[in-house]
Amino acid sequence: MTTQAQQLAGPLSAAVANLCVGLQPQVSPATAAGFREVLRRLSAPLQVAVAGRIKSGKSTLVNALIGRRVAPTDVGECTRLVTRFQYGTVDRIEVVFTDGRKQVLPFEANGSIPPDLGVEIDQVSHIEAYLTNAVLRDLTVIDTPGLGSLDAASVARTEALLGAGSDGELDPVSRNAVAGAEAVLYVVTQGVRADDQQALAAFTAATASREAGPVNAIAVLNKADTIAAETVEGSNGDTWQAAVLLAERQALTLKPRVADVLPVIGLVAESTETGGFTSADADVLRRLAELDEATRETMLLSADLFVSWECEVPVGTRTRLLEKLDLYGIRKALEAVDAEPAITAGALRRKLLDASGLDGVRAKLNAVFRSRADGIKAAAALASVTSLAAASGDANERQRVHDAIEVLLAKPEAHQLRLLEALTLVASGAVAMPNDLVEEVLRFGSSPDLSEQLGLRGRPPQELMAYALERAGWWRSFASFGATPAQSRVAHVVHRAYFLIWQQLRGRR
Ligand SMILES: Nc1nc2c(ncn2[C@@H]2O[C@H](COP(=O)(O)OP(=O)(O)O)[C@@H](O)[C@H]2O)c(=O)[nH]1
Ligand SMILES: [Mg+2]
C-alpha cells in the first residue's frame, strides 16, 4: 500500500499516514481494514458538516458557499437526507442505499438535486453529489437534515451517516471509529436554546466522540435579516447591528465549543452567489424605487403587504423577488438604488452580497478550517486510529498503536498536532483551567496571525517578542509547579507554542 503524498493536506497528515502504513502489518485484519479507511480519508479533502436545526437555513447556506443552487431547500424528501458535496470531474448524483447499492440520478433542469428522488427513501443511506466546482477541491461539504430536530428518523440518519461513504469493508464498530465529519459549520438562528447545546453534543457523538471545539467548529447566526432590531438593546434599530450583538451574545453561550459566531443572511447570499439575482430583478427594483414614498413604505411593512398592495409591478414578479431577497434584502437594494439610480445589476448584486455577510463567513472558514486542514485531518485520523485499536479488544495491539502514536507526537514537527489536541482538551473542559488561562490557550486557535494569537494585534514586533518570551517562561513554570498532571501536559505544549512564536518573530527581523 502506498500513500498518496501529493494528495495529503500537509506534513502532519503525511506523518499520520506513515504511521498507519507502518502499523498495518502489525495489527489484526479488522484493524488493518480500518487503517485503510483512515488512509483513504486522509487523502480526501477536509470534511465539513453543516449542522443545525431543521429549517435553520443549512441547505441555503450550502448553496451560497458552493455558488450553485444544487441543494433543495424548504421541502421535499431530500431535505431529510445527508448529502455529501464533493469535487468530481463530471457533475453526477449518486444515491447510496443502505445495502451499499448505488444509483445514478440526473440533475433537475435547473441544476439542482431532485427534491424527490423517486426511489424508496427508507432504504437510502445518503446522497453523493460530485460537482466540478473549485470550492470543493479542498473542502467536502456535508449537508445534514438537522441535529436536535424533532424528526427522529432524520436525526438517526444524520448521526449514523455523517461522514459515511466507506466501502462496506468495515464492521459497524470500525466504521463508527473512522466515520464522522472532521469539522462543523453550525447554523443557529435567533435565540440559541438549551437544545442547541445538546445538538452540539450530538455532533460530538456523530463525529465518533471526537470533540467539536474551536479548532474545528464555527457557528453562524443565520436569518440575520429576520431579527427584530427593536428587541435588541444597543442596536439603534439597525437590523445588522442587532445581528452582530446577538451573535456576540450567542458566542458567550456556545464558546469555547465553537471558534466564533458570525451573522449571515443565507438567503441573500444564495441569491447573489448562485445567479438567482438577475438583471431582470434589478429592473424590478428600479421600478419599485420610483414608486411614491407612501406606497413604497407601506409595501415594505410586511411580506403580505409587499405582494398584495396595489402597485403596477405584477404580483408574480413581486413574489419571486420576495423569495429571493425577503423584505430586508429588498429594502437594502432599494436604498442602493436611491443612492445611485443608475446602478448596474452587477453593482447591485455586489452590494447585496456585501450586506449578506457571506464574505465574513468565507474568511472565517479559510482562517479556521482551510489554513489548518492538515492539522485537523491529522488529529481526526489519530483519533480514529486510537479508537480502532481500542475496538480491537487486543491489549498488545492497543499498546503497539499507543506507543507508535507517542513516538509520533514526541517529534518536534508534531507540535502543531499537540497544540490542536491541547486546544480541544481545554475547550471541551476535559482539562480544567482557570478562565483567563482558557482564554489565553484558545487564542492560539483564533487566527493564523501571530500577533492575534498573542492577543496583541497591531503591536510592534519588539513588544510581541518580549511578550511571547515572558509567557513562554510563565507556562514553563506553571507546567512544573502549579499544575495537575493533565494541566501540566497542556502547559508544556503552550510553553513550546510561545517559544516557537518568539523564534518565528525573531526570524522575521
Ligand atoms: N429570510 C430568510 N430566510 C432564509 C434565510 N436562509 C434560509 N431561509 C429560508 O428558510 C427556509 C429553510 O431553509 P433551508 O435551507 O431549507 O433550511 P434547512 O432545513 O436547515 O436546510 C427556506 O425557505 C429558506 O429560503 C435567511 O437568511 N433569511
Ligand atoms: Mg436542508
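The values are calculated or read from the model by the stated rules, or taken from the named source; none is laboratory data. Keep in mind that what you see is a predicted model, and the values were worked out from it rather than measured. Every residue, glycine among them, receives a Cβ derived from its backbone with ideal geometry; neighbour counts consider all protein chains shown.
Numbers for the structure displayed
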| quantity | calculated |
| --- | --- |
| Residues (buried (at least 19 other Cβ atoms within 10 Å of the Cβ), modelled with pLDDT under 90 and closer than 24 Å to Ser446 by Cα) located in segment 207-231 | Thr207, Arg210, Glu211, Ala212, Gly213, Pro214, Val215, Asn216, Ala217 |
| Scope segment 118-144; condition crowded, with 21+ Cβ neighbours inside 10 Å and among the small types (Gly, Ala, Ser); matching residues | Ala129 |
| Residue match in segment 25-48 (condition: within 16 Å of ligand 1 (Cβ to nearest atom), closer than 30 Å to Gln190 by Cβ and touching a helix residue (DSSP H, G or I) at 6+ places or on another chain (Cβ under 7 Å)) | yes |
| Members of segment 331-353 found to be in a helix (DSSP H, G or I), of a type in the set (A, V, I, L, M) and over 21 Å from the mean Cα position of the chain (by Cα), listed by number | Ala333, Leu334, Ala336, Val337, Ala339, Ala345, Ala347, Leu348, Leu352 |
| Only listed residue being within 16 Å of ligand 2 (Cβ to nearest atom) and in contact (Cβ under 8 Å) with a residue 12 or more places away in the chain, chosen from Val215, Val264, Val244 | Val264 |
| Filter result for the condition that a residue is within 16 Å of ligand 1 (Cβ to nearest atom) and surrounded by 16 or more Cβ atoms within 10 Å (Cβ to Cβ), over Val426, Val361, Val438, Val431 | Val361 |
| Near pairs, Cβ below 7 angstrom, 6+ apart or cross-chain, from segment 354-368 (part of a helix (DSSP H, G or I)) to any residue that is at pLDDT below 95 | Lys364/Ile218; Lys364/Asp260; Leu365/Ile218; Ala367/Ser447; Ala367/Pro448; Val368/Ile218; Val368/Ala259 |
| Lone qualifier among Val307, Val268 - being surrounded by fewer than 20 Cβ atoms within 10 Å (Cβ to Cβ), touching a helix residue (DSSP H, G or I) at 6+ places or on another chain (Cβ under 6 Å), over 30 Å from Arg443 (Cα atoms) and of a type in the set (A, V, I, L, M) | Val307 |
| Given (1) within 16 Å of ligand 1 (Cβ to nearest atom); (2) without any contact (Cβ under 8 Å) to a residue 24 or more places away in the chain; (3) not aliphatic (A, V, I, L, M), index of the condition Arg101 fails | (1) |
| Number of positions in segment 66-100 that are small (Gly, Ala, Ser), within 23 Å of the chain's Cα centre (by Cα) and surrounded by fewer than 21 Cβ atoms within 10 Å (Cβ to Cβ) | 2 |
| Cβ pairs under 8 Å, 6+ apart, first in segment 74-85 and assigned by TED's automatic domain parsing to the domain that holds Leu131 and over 20 Å from Lys223 (Cβ atoms), second in a loop (DSSP other than H, G, I, E, B) and within 10 Å of ligand 2 (Cβ to nearest atom) | Cys78/Ala71; Cys78/Pro72; Arg80/Pro145; Leu81/Pro145; Val82/Thr144; Val82/Pro145; Thr83/Ala71; Phe85/Ala71 |
| Checklist (1) in contact (Cβ under 8 Å) with a residue 40 or more places away in the chain; (2) within 25 Å of Ser271 (Cβ to Cβ); (3) within 16 Å of ligand 1 (Cβ to nearest atom) applied to His126, failing item | (2) |
| Checking Glu37 against (1) modelled with pLDDT under 95; (2) over 15 Å from Ala380 (Cα atoms), the condition it does not meet | (2) |
| All positions within segment 449-472 that are surrounded by 13 or more Cβ atoms within 10 Å (Cβ to Cβ) and in contact with a Leu (Cβ under 7 Å, 6 or more places away or on another chain) | Leu450, Ser451, Leu454, Leu456, Pro461, Leu464, Met465, Tyr467, Ala468 |
| Counted residues, segment 223-236 - those being farther than 13 Å from Glu248 by Cα and either within 16 Å of ligand 2 (Cβ to nearest atom) or of a type in the set (Val, Ile, Thr) (or both) | 4 |
